[in-house]
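Down below is the structure, laid out as structure tokens.
None of the figures in this text is laboratory data; all of them are computed from the coordinates on show. Computed from a predicted model, the values in this text were never measured in an experiment. Reconstructed Cβ throughout: ideal geometry from the backbone, glycine too, with neighbour counts over all protein chains shown.
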Amino acid sequence: MTDLREELRKCLETYMICMFLEILTMDIYKLLKKLFETPPKVIIPIFELPWLARKHIISKLPIEEIIHFSFISEECKDLVRDLNLKPDKISIKIGSSDATSSIEYYEDKLLMLRFGTRYKRFQFQKSLIPSSILFDTDEQLAERIDRSDMSLRDWIIHFMDILKCENLEVSFSPLSSLINFEYTRKTFEGLAVDTLKIDNCSYEYYKLAIQEFQVICFYACSTS
Amino acid sequence: MSSTEQGTSSAAPAEPTTAPESAAAPEVPESFYYVHGKDKVVHKVSAGALQHSALIHGMISNLGYTEEQAKANPFPFENIDGDILQMVVDWCNQHKGKPTPPEDTNLPKQKEKLFDLVLAVNYLEIKELLTYCCKQVAMMVKGKSPEEIREIWMIPTDAEDEAAEKEAKKRAGKEAAGETAAAAGDAK
């Protein structure tokens, strides 16, 4: 009788231990699951939203992000176009302080893109493809966009398209002569340049610029 | 229709600070309107809170809806889920007669509901709430790569778009051919 009782006690004990272990493992499992479980990704099908809401969302992004978004697909490009950003002008400086080219987007000067400055040397003379693009507002953005296949001309056309801006202002400086004029000519071929600014360039460069660009407005400052 | 009244049942009448001219005049009791969503649950909302929605405000001022009429016939918004309408009503109540701050902390935190919320707010024309919601949606992709943006916003590639367009054209062509065949059969 005592044996049977002893046996029963042992069985009960084992059962209790098993139950305890089961509860413990369940708790540990739940805890681990909670710790390592990634929250479900929130997906917003933006093109299923009404046009006005879509436009509203994109307009809430900073300008660099809007430019970034315009590269995702043709539909995205259309959406950026719909924003009607229309700046007064797009200014392109040929040869700025470190002999690079830049596009400046004028609407409170929100955005400036510089081409070819990443490696501190000029990249354009041999090819029309810029090896690097630098967004002044966000350097990391250039890495995210990664459009090294686009030439400066492609960028200008893209900007004119998405910003619905046809007013191009081209500025030359004494450092412009560091850039092969043939490259400049090819970059602006067929594009309607609205304003030309020539600041302190050599007479030869000045002559070339005048010959090449048929512009509405022209400003020259002391040519040597 | 189940008429579980929610929303501003305990809402105080309009604050005298927001309407100084009403301080001199005898206080007019605030009128309430009723709205319901897909779930048919009726929400009681004050006229002050409904000012946020250009759509409802227009309906009230153009149709000359009285409180009694509104009680008998709540505004039906069959295209809005009940929980989403509740969120919108809550937001309107919280911002009743107050200028909306530039950063709103009272926004619903569940991002899973954001899509439906944007749809509802856009439909109800609640400008401030739409701005907040759109800002939240926009911030979801800030600093993300194109692939990540594609995933979050479900943006098809140009190739996928083209394929879908071709498919739609094919389907439309087939439907048109079917219709002409049926019309020819009828004529015979």
* Based on the Cβ-Cβ distance of A:Met16 and B:Asp116, what FRET efficiency does E = 1/(1 + (r/R0)^6) give at R0 = 30 Å, to the nearest 0.05? -> 0.05
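Rounded to the nearest 20 debye, what is the charge dipole size of region A:1-42 about its Cα centre when +1 sits on each Lys and Arg Cβ and -1 on each Asp and Glu Cβ? Kindly include the intermediate steps, with their values, before the conclusion.
Details: 7 positive and 7 negative charges, 77 e Å.
Its charge dipole is roughly 360 debye.
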* **Stretchable slack from B:Tyr65 to B:Ser31, in nm (0.36 nm times residue separation minus alpha-carbon distance)** => 11.1 nm
* Structure fact -> In nm, the gap between the two label points placed 7 Å beyond Cα toward Cβ at A:Ile23 and B:Glu162 is 6.4
* Structure fact -> Per the rule of 0.36 nm per residue minus the C-alpha distance, extending A:Arg5 to A:Lys30 adds in nm 5.3 nm
* To do: May I ask you to list the residues of region A:165-199 whose amide nitrogen lies under 14 Å from a point 7 Å from Cα along the Cα→beta-carbon direction of A:Lys86?
  => A:165-167
* Average other protein chain Cβ within 10 Å of Cβ, residues B:112-118 -> 4
* Asked: If the chain between A:Glu189 and A:Arg147 were fully stretched, how many nm would it gain, using 0.36 nm times the residue separation less the Cα-Cα distance?
  -> 13.0 nm
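For the pair A:Leu52 and B:Ala72, what calculated FRET efficiency results from E = 1/(1 + (r/R0)^6), where r is the Cβ-Cβ distance and R0 = 30 Å, to the nearest 0.05? Write down the numbers at each step before the final one.
Details: r = 33 Å, r/R0 = 1.10.
For B:Ala72 and A:Leu52, the calculated efficiency is 0.35.
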